[in-house]
Amino acid sequence: MYKFLFIAFLFLQFSAFSQQKINYADLEERDGIFYEQGSKTPYTGQCVTTFPSGKLGMGGSIKNGLRDGEWIWFYENGNKKRYCVYKAGLKDGASIFFYKTGVKKSEIIFSNDKNIRQTSWDEAGVKIGNPSFSSFN
């Protein structure tokens, strides 16, 4: 039931606004700013990626060429891989990583792109020491 509600929320987030929606591959990043390929104007709107199967791989908002708002990445099995909140291109709020099983792996609280607090769990959901950021790639 939770998964259904989450997908419904995501659908509403991307469809409720009359913003433009583009495939992430159709954007180019120049000096940290996202543009639609060939455009001179910073992009504003939604962007998504999909797996070859057609399932949603990632979705988020860009405002004036910068990530802004909630961004969500998925595993191909449909479970969340990562959730992150951006404000004017900087991480600002929760950044949560998940195991393929859907169990929360780590939660990092950012303020103006600075790591304020981090908590990590093993695949059984037991709290563990914090690994390095590179282990989340």
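Just to be sure I understand the filter: pairs with C-beta atoms under 8 Å, separated by 6 or more residues or on different chains, first member in the stretch 27-42 and in contact (Cβ under 8 Å) with a residue 24 or more places away in the chain and part of a strand (DSSP E or B), second member surrounded by 15 or more Cβ atoms within 10 Å (Cβ to Cβ) and of a type in the set (Asp, Glu). Which pairs pass? Taking only residues 6 or more apart or on different chains, the pairs are Leu27/Glu36.
Any chance the stretch 106-121 includes a residue that's hydroxyl-bearing (Ser, Thr, Tyr) and surrounded by fewer than 17 Cβ atoms within 10 Å (Cβ to Cβ)?
Within the stretch 106-121, the subset hydroxyl-bearing (Ser, Thr, Tyr) is 106, 111, 119-120.
So of that shortlist, the ones also surrounded by fewer than 17 Cβ atoms within 10 Å (Cβ to Cβ) come out as 111, 119.
Among the residues of the stretch 106-121, at least one is hydroxyl-bearing (Ser, Thr, Tyr) and surrounded by fewer than 17 Cβ atoms within 10 Å (Cβ to Cβ), which makes the answer yes.
Name the single residue, out of those in the stretch 72-102 being among the polar types (S, T, N, Q) and exposed (fewer than 15 other Cβ atoms within 10 Å of the Cβ), that is nearest to Ser120 (Cα to Cα).
Here is the first cut: in the stretch 72-102, the residues among the polar types (S, T, N, Q) are 77, 79, 95, 101.
Next, only the ones that are exposed (fewer than 15 other Cβ atoms within 10 Å of the Cβ) stay: 77, 79, 101.
On the way: Asn77: 22, Asn79: 18, Thr101: 15 Å.
So the residue we want is Thr101.
Values quoted throughout were computed directly from the atomic coordinates according to the rules given, and no laboratory measurement underlies them. Nothing here was measured: the structure is a model prediction, and the numbers come from that model. Methodologically, a virtual Cβ is constructed for each residue, glycine included, from the backbone with ideal geometry; neighbour enumeration extends over all protein chains shown.
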